Structure formats: C-alpha cells, structure tokens
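Take a look at the structure set out below.
The values are calculated or read from the model by the stated rules, or taken from the named source; none is laboratory data. These figures come from a predicted structure and were not determined experimentally. For accessibility, only protein heavy atoms count, side chains too; no ligands or nucleic acids. Shrake-Rupley method; radii C 1.70, N 1.55, O 1.52, S 1.80 Å.
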Amino acid sequence: MLKNLTVQILIAAVVAAFSARLFGDSSWLTAPTTFYDAILMIKVAFLAALKMLIAPMIFFSLISGISNIGNVIRLRRLGGVTVLYYLGTTGLAIVLGLIAVFWIHPWEAYPPALESSLVFSESRMIDPGSDSLIAILKQILVMAFANPFHALVNLNIIGIVTSAILLGLAMVITLKPDSPVFGTVRDLNQIIMTVLSWIIRLLPIGIFAIIFDFSLRLSISDEFSQDFLTQLLQFSILVTALTLFHGFVVLPLVAWLTTGQHPVRLVRSIAQPLLVAFSTSSSAATLPVSMKAAQEKLDVSQSVSSFVLPLGATMNMDGTALFEAVAAIFLAYLYGIELSTLMVITVFLMAMISSIGAPGMPTASMSGMQIVLLAVGIPLEAIAILLIIERPLDTFRTTVNVQGDLIGTLVVQHYLNRRDKRTPQSA
Ligand code: ASP
C-alpha cells in the first residue's frame with residue numbers, strides 16, 4: 001500500500017501538517033531557520049518544475065492531438081462533428097459547474113481563509129478593471145497571434161494554443177500521412193509526458209514542503225483550520241456531485257436525445273472502461289478497454305472509434321474542465337479575489353483550453369490548472385490546496401472524461417450513418 005502514490009501523498013500531507021504544528025514556530029516566517037529555508041527551497045523548486053512543463057506540454061499535446069486526425073478527407077468527414085461534440089459537451093460541463101457554484105457556493109458560510117495572510121501579486125492575463133468587451137477581445141487577439149517562440153517563452157497560453165492549432169492543421173493539410181514529422185511530434189509529446197510523470201512521482205516530497213509551509217503560515221487557531229478543512233470538504237463534495245451529475249445525467253441525456261440510446265443500457269455497456277478509468281485515473285491507459293467496449297458493446301465502427309477515442313483521450317475532458325472551473329472559483333474565494341463577469345468568462349475559456357491541452361494521465365491537469373489560476377490572478381501556490389484532495393477527485397473526473405469520449409463515438413457514428421443514408425454516394 002505504501003507504494004501507492006495516493007497513499008504516499010496523503011501521508012506526506014498529514015505528516016507535514018502535524019510536524020509544522022509540533023515543531024514549527026511562527027517566528028520562522030520573519031527569521032527563517034536553515035531547516036525552514038530548505039523546506040521553502042523544495043517548495044519553490046517543485047512548483048517551478050510543475051510550471052516548467054505548461055508551455056511545451058500544451059503545445060506538443062495539441063499539435064500531436066490534431067495531427068492524429070490524419071488526412072484531410074477524414075478530417076472533413078469526422079473531424080467537424082467530433083470537435084463540435086467535444087467543445088459542446090465540455091462547454092456544457094463548465095457551464096454546469098459555474099452555474100452550480102454561483103448558486104450553491106457552500107464555502108461562503110465561512111470567511112475567506114487566506115485573504116489576509118497569503119495574497120500574492122501574480123500577473124493577470126485579463127485586467128479585472130477592464131470592462132469593455134472590445135478591449136478584452138483586442139487584447140486576446142494580440143496574444144493569440146504572437147510569435148510562437150515568444151508565446152512559448154513567456155507562457156502566453158492563448159498564443160501557444162493558437163499557434164499549436166494552426167501548425168497542427170497546416171501539418172495535416174501539407175504533409176503526407178507517412179511523413180516522419182508526425183512521428184517526431186508524437187515522440188516529443190511522449191518525452192514531455194515522461195518528464196511529467198517523473199515530476200508527479202515527486203509529489204509526496206513537494207506536497208510535504210508545500211503543506212508544511214502552508215500550515216506554518218496560517219499559524220492556525222483550531223477554529224480557523226477547522227473552517228478551512230470544512231470548506232475544502234464542501235468543495236470536494238460539490239465537485240464530485242457535479243462531475244457525477246454531468247457523467248450520469250447530462251451526457252446520457254445528450255446520447256439519448258441525439259441517438260435514442262437508452263441511458264441505462266448505455267451505462268451498462270460502458271461499465272467496464274468506466275471502472276478501469278476510475279481505478280487508473282488515466283484516460284490514456286483506459287484507451288484499449290474503451291476501444292473494445294465501443295466496438296463490441298456500442299457497435300461503433302472501427303474507423304470511428306479509432307479516431308474519436310484516441311483524440312478524445314487527449315482533447316476531450318469534461319470532468320477535468322468542470323473541476324478546473326469550480327476549483328478556480330473556490331480558490332478565488334479563499335484568497336478573497338473578486339471575480340468580474342469577464343474574469344468568469346476567462347475562467348470558462350481557460351478551463352476549456354487547459355482541459356484540451358491536458359494529457360490523459362493521473363493528476364495531469366494540475367499542471368494546466370495553473371493557466372486558469374494565472375488568468376485571473378490567483379497565486380500559483382493555490383495549487384497546493386488542490387493537491388491535498390486531488391487524487392480521489394481525479395478518479396471521478398477521469399471516469400467522466402472517458403465516458404464523454406465513449407458517448408462521443410456513439411454520437412459521431414449516428415451522425416455519419418444518417419448522413420450516409422441521406423447521401424449514399426458520399427459514403
Ligand atoms: N487524470 C485525468 C485523465 O486521465 C486527467 C486529469 O484531469 O488530471 O483523464
């Protein structure tokens with residue numbers, strides 16, 4: 001059991017919180033001891049390592065996702081409806097999260113936990129003061145068409161995403177399907193994933209340092225820490241409930257309305273990949289089981305499933321997008337940051353982009369989550385709060401990510417069948 005990463009993270013968090021309270025001294029905050037300095041060094045290095053991967057990860061993951069699309073003919077037949085489905089359902093998940101969070105926000109019964117003690121000034125992507133839609137649009141367009149190298153170096157996410165999409169599409173259109181460039185991009189993507197998995201292996205150490213510092217900074221009274229833990233629990237319950245609602249009500253409803261597939265039969269047919277996703281927390285690892293279920297249980301053709309599922313495993317993550325949007329609103333509250341309507345729209349867009357860029361691996365979205373935080377000026381340190389409860393929540397969101405891909409195969413297949421029936425010569 002001790003080899004399990006989730007268990008290691010939990011142990012690290014608990015040991016860190018207790019040792020900060022037992023051995024730590026709040027005077028360290030003004031006059032750090034060597035020990036505390038070392039803890040801070042580990043914390044800063046770990047957060048920097050997570051941040052290091054944002055730009056290359058999103059860039060190569062997107063290019064390789066788009067280049068998976070194959071040739072233009074397939075792109076035209078399948079691509080449009082698939083991408084429309086991905087964007088539609090992901091958008092639906094985020095809207096569901098945002099509506100619920102502004103309607104319920106259970107944690108507002110307690111004051112913002114970190115408002116006075118821990119506010120940092122990070123550069124915001126969108127200025128909270130700006131209220132003109134045209135001004136914001138102009139700002140976004142200028143960022144979108146930045147020099148790709150400049151965008152990568154300066155962590156201009158909108159620029160990175162735009163250039164990755166343009167380059168990916170241009171690759172698909174210009175190069176022959178067997179061009180070595182596709183293989184190279186996929187290899188580069190794999191290499192980045194390997195580095196990410198190393199960083200994730202180091203989570204227990206990073207978490208220890210982050211939670212130690214966190215507990216010390218709060219120098220908490222019992223009442224305060226209890227409030228904070230209650231808020232965290234409320235957030236986890238809300239996210240889990242919303243994720244399950246999206247997975248087991250909204251998505252089956254979409255399938256029912258578009259294809260006529262009965263929700264109960266549908267969920268029964270895909271139970272196996274869902275269980276694998278739940279236990280591995282990885283859409284990518286679940287892919288072979290999803291392929292089998294789509295072809296054998298949902299009667300989806302191989303050409304549709306081998307297109308929609310691998311692409312979806314990297315690009316279509318409803319659970320992840322919902323989690324990131326709700327988490328951003330939660331953290332903004334904890335840090336006492338007021339969000340204007342435009343900032344909420346920014347959260348929507350960034351959650352969408354970050355979920356598209358996140359690879360289908362356990363905890364993978366934590367790196368991309370940072371762009372959502374950066375966009376609205378929440379300190380990157382806030383990631384630490386999410387990391388405490390991240391592992392159990394990942395199981396649910398991965399399940400719903402995979403469910404979204406599987407239902408996508410049904411919807412796309414249904415659309416193609418109907419189109420072929422109407423225009424048999426185009427089949
Ligand atoms: N674990 C998720 C997946 O593989 C990604 C994430 O949200 O961290 O689908």
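Leaving out ligands, DNA and RNA but keeping every protein chain, what accessible area does F208 have, in Å² rounded to the nearest 10, with a 1.4 Å probe?
60
Along the principal axes of its C-alpha atoms, what lengths does the chain span, in descending order and rounded to whole Å?
Here the spans come out as 78, 48, 44 Å, largest first.
At 222 nm, what value in deg cm²/dmol follows for the chain if DSSP H runs of at least 4 each add -39500 (n - 2.57) and the sum is divided by all its residues, to the nearest 500? Intermediate results must be reported in sequence, preceding the final value.
Numbers: 19 runs with 315 residues, N = 427.
Only helices count here, giving -24500 deg cm²/dmol.
How much accessible area does T320 have with a 1.4 Å probe, in Å² rounded to the nearest 10?
Its accessible surface works out to 0 Å², give or take rounding.
Return one number: the angle in degrees, 0 to 90 and rounded to the nearest 10, between the long axis of the Cα atoms of helix 5-23 and the longest principal axis of the Cα atoms of the chain.
In the chain, helix 5-23 runs at an angle near 20 degrees to the longest axis.
Not counting ligands, DNA or RNA, and with a 1.4 Å probe, what is V81's accessible surface area in Å² rounded to the nearest 10?
The value for V81 is about 30 Å².
On a straight-distance basis, which lysines could pair with K176 in a cross-link, Cα separation under 26 angstrom, same-chain partners fewer than 8 positions away excluded?
none
Could you rank K43, K292 by how accessible they are, 1.4 Å probe, largest area first?
On the way: K43 10, K292 115 Å².
Correct descending sequence by accessible area is K292, K43.
As I understand it, the value is the acute angle between the Cα axis of helix 222-245 and the longest principal axis of the Cα atoms of the chain; what does it come to in degrees, rounded to 10?
The angle comes out at about 0 degrees.
Given the Cα-Cα distance of A31 and N4 and 0.36 nm per residue of separation, how much length would full extension add, in nm? Don't jump to the answer; show the numbers that get you there.
Values: separation 27, 0.36 × 27 = 9.72 nm, distance 3.68 nm.
This chain segment gains 6.0 nm when fully extended.
Give me the angle, in degrees from 0 to 90, between the Cα long axis of helix 80-104 and the longest principal axis of the Cα atoms of the chain, rounded to the nearest 10.
30
Return the lysines within reach of K43: Cα separation strictly under 18 angstrom, same-chain partners fewer than 8 residues apart disregarded; answer none if there are no such residues.
Excluding near neighbours in sequence, the set is K51.
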